[in-house]
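What follows is a set of notes on a single structure, which appears directly below.
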Amino acid sequence: MSIEGELRITLQCKEDHVSQVEIKSTRPLQLTRLFNGKTVDELLTMIPMLYSVCGTAQSAAAVKACRLASRLDISSKTALLEQMLVNIEMAREHLWRILTDWSTSAGGRLDRDLASSLASLINDSKMACFPEGDSFRMKPVMAFDSTGIESIIRRITNISSQSVFGLNATVWYEIEDAQALNHWLDITETDAAQLLRKMRDGSMARVGDGEALPLPEIDHYAMSQRLSQSDADAFIATPEWGGQVYETGPLTRQNSHPMLQQLMQEYGNGVYTRMVARLLELASLPGSLERQLNALKAEYDISEQKHDAGISQQGIGEVEAARGRLFHRVVVQDGVVSSYQILAPTEWNFHPLGVVARGLKRLSIERESVMKQQAELLINAVDPCVGFSLEIG
């Protein structure tokens with residue numbers, strides 16, 4: 001087991017249905033106590049070393065929280081560059097999942113050259129924005145290389161268009177109805193299309209369909225107050241808000257897209273709908289990155305202002321990562337961290353009463369091997385940020 005821990009999921013079966021779902025996490029959620037007593041700069045150095053999965057999003061949330069706690073304003077150009085890096089990482093994470101796991105499920109083979117290109121995407125992006133990859137510091141030194149960023153966007157667009165969609169990704173995102181999606185599935189031979197076609201034409205499309213409540217916008221002051229309470233550790237491990245267990249991720253971010261709304265009417269929020277939501281988010285990212293790049297080219301306000309720090313300041317950093325919404329909270333006193341907490345999307349989505357548990361309870365028992373395959377499809381469609389084990393009892 002790695003330092004990130006894992007999820008241990010057990011299904012208890014009775015007659016023809018799943019009677020109980022147990023989800024236990026060994027994720028070291030108190031690892032953040034290592035940051036207590038560290039300077040803010042030390043903290044920002046440690047974050048990507050300890051949290052390698054979605055490390056860019058983790059660093060972005062951390063530096064946002066620390067700047068707020070230290071009352072440090074940065075230029076809008078710096079904020080935009082950092083958001084671009086988060087979006088590039090989101091594209092990389094979605095591409096990696098689709099071109100590895102999806103391709104294997106469709107009977108395809110991993111393109112090692114393509115995988116290597118994805119692996120270098122984040123470092124290449126940081127070098128295009130900050131000298132020597134000096135990103136996500138309190139006051140980073142920018143070296144905005146528009147040509148380098150344009151090259152990164154082209155790589156993401158080309159890989160998505162050629163290896164996933166079989167046509168321009170932005171054009172694919174404009175598909176607005178299920179009928180047009182079906183036509184695309186019938187004429188496209190990428191591994192992603194083959195897998196979705198297999199699910200549509202088989203009995204897998206509604207697997208895992210169950211109640212899903214999108215995580216609402218949460219006021220940062222309210223979140224900070226909640227995380228300062230004595231039972232904060234329990235809240236982080238099994239978060240609820242207003243007595244509800246919510247979901248966060250591509251499905252909730254894309255649920256206003258007309259095509260996804262139609263799919264939810266027909267298939268619910270099962271694995272088929274969830275996988276299409278991931279494709280929609282991937283297809284939206286080249287256009288988002290292009291718009292951000294154009295804004296950067298037009299943006300010349302690079303002024304900074306630093307406020308005098310109070311005796312004890314706190315900040316919340318919120319970032320939409322590939323797997324969902326991420327919160328970091330820090331309390332800083334005289335430049336030293338006195339408290340640090342992370343609330344990750346995995347804890348919402350794999351809550352013992354959350355969307356995965358509800359979906360697993362709706363599995364029908366045909367053969368154990370079939371049920372295990374269905375369970376793994378749902379777990380991977382929601383996508384934890386750590387490994388998992390699955391047992392059927």
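Observations on the model:
- Dividing the mean sequence gap of close Cα pairs (under 8 Å, 6+ apart) by how many residues the range 183-256 holds gives a relative contact order of 29 percent.
- DSSP bridge pairs, the chain: antiparallel proportion in percent, nearest 5: 80 percent
- Only one residue of Leu114, Ser76, His94 has its Cα farthest out toward the positive end of the dipole of the range 66-120, where Lys and Arg carry +1 and Asp and Glu -1 on Cβ, and that residue is Ser76.
- Placing a pseudo-label 7 Å from each Cα along the Cα-to-Cβ vector at Glu376 and Leu353 gives an inter-label distance of 3.1 nm.
- Cα-only Debye scattering, the range 60-135: base-10 log of I(q)/I(0) at q = 0.12, 0.13, 0.15 Å⁻¹: -0.46, -0.52, -0.63
- ³J(HN,Hα), Karplus 6.51/-1.76/1.60, whole Hz, each residue of the range 80-96, x for Gly, Pro: 5, 4, 5, 5, 4, 4, 5, 5, 5, 5, 4, 4, 4, 5, 5, 4, 4
- Computed from Cα positions, the angle between helix 258-267 and the longest principal axis of the chain comes to roughly 40 degrees.
- Taken along the Cα-to-beta-carbon direction at a fixed 7 Å, the label points for Leu167 and Asn182 span 1.7 nm.
- Net length gained if the chain between Ser369 and Asp145 were fully extended (0.36 nm per residue, minus Cα distance): 75.5 nm
- Each residue of the range 190-206 was assigned a 3J(HN,Hα) from its phi angle through the Karplus expression (A = 6.51, B = -1.76, C = 1.60, θ = phi - 60°), giving 5, 4, 4, 5, 5, 5, 5, 5, 4, 6, 4, 7, x, 10, 9, 4, 8 Hz with x at Gly and Pro.
- Accessible carbon and sulfur surface of the chain relative to its total accessible area, %, 1.4 Å: 47 percent
- For the chain, calculated [θ]222 nm from helices alone, where every DSSP H run of n ≥ 4 adds -39500 (n - 2.57): -14500 deg cm²/dmol
- Label point of Glu290 set 7 angstrom out along Cα-Cβ; within the range 180-216, no amide nitrogen lies under 17 Å from it.
- Take the Cα of Gln333, step 7 Å toward its Cβ, do the same at Ala222, and the gap between the two points is 2.9 nm.
- Under 15 Å, Cβ to Cβ, from Gly268 - net charge with Lys/Arg +1 and Asp/Glu -1: +2
- Whole-Hz ³J(HN,Hα) from phi, Karplus 6.51 cos²θ - 1.76 cosθ + 1.60, for the range 214-230, glycine and proline x: x, 4, x, 5, 10, 4, 5, 5, 5, 5, 4, 4, 5, 6, 8, 7, 5
- Rel. contact order, % - alpha carbon contacts under 8 angstrom, at least six apart, the range 308-367: 23 percent
- Taking amide H atoms as placed 1.01 Å from N in the peptide plane, the amide H of Glu6 lies under 5 Å from those of Thr26, Arg27, each 5 or more residues away in sequence or on another chain.
- Å² per residue, accessible surface of the range 128-238 at 1.4 Å: 49 Å²
- Projected-area mean, the range 1-114, by convex hull of Cα positions, square nanometres: 11.5 nm²
- Only Lys, Arg (+1) and Asp, Glu (-1) charged, at Cβ; the chain dipole about Cα centre in debye: 360 debye
- Net charge of Cβ neighbours under 9 Å - reference Arg27; Lys, Arg +1; Asp, Glu -1: -3
- Here the scattering of the chain is modelled by Debye summation over its C-alpha atoms, one equal scatterer each and no solvent; at q = 0.11 Å⁻¹ the log10 of I(q)/I(0) is -0.83.
The values are calculated or read from the model by the stated rules, or taken from the named source; none is laboratory data. It should be emphasised that the depicted structure is a prediction, and the values quoted were computed from it without experimental measurement. So basically every Cβ, Gly included, is an ideal-geometry build from the backbone, and we count neighbours across all protein chains shown. Calculation scope for accessible area: heavy atoms of the full protein, side chains included, ligands and nucleic acids excluded. Shrake-Rupley method; radii C 1.70, N 1.55, O 1.52, S 1.80 Å.
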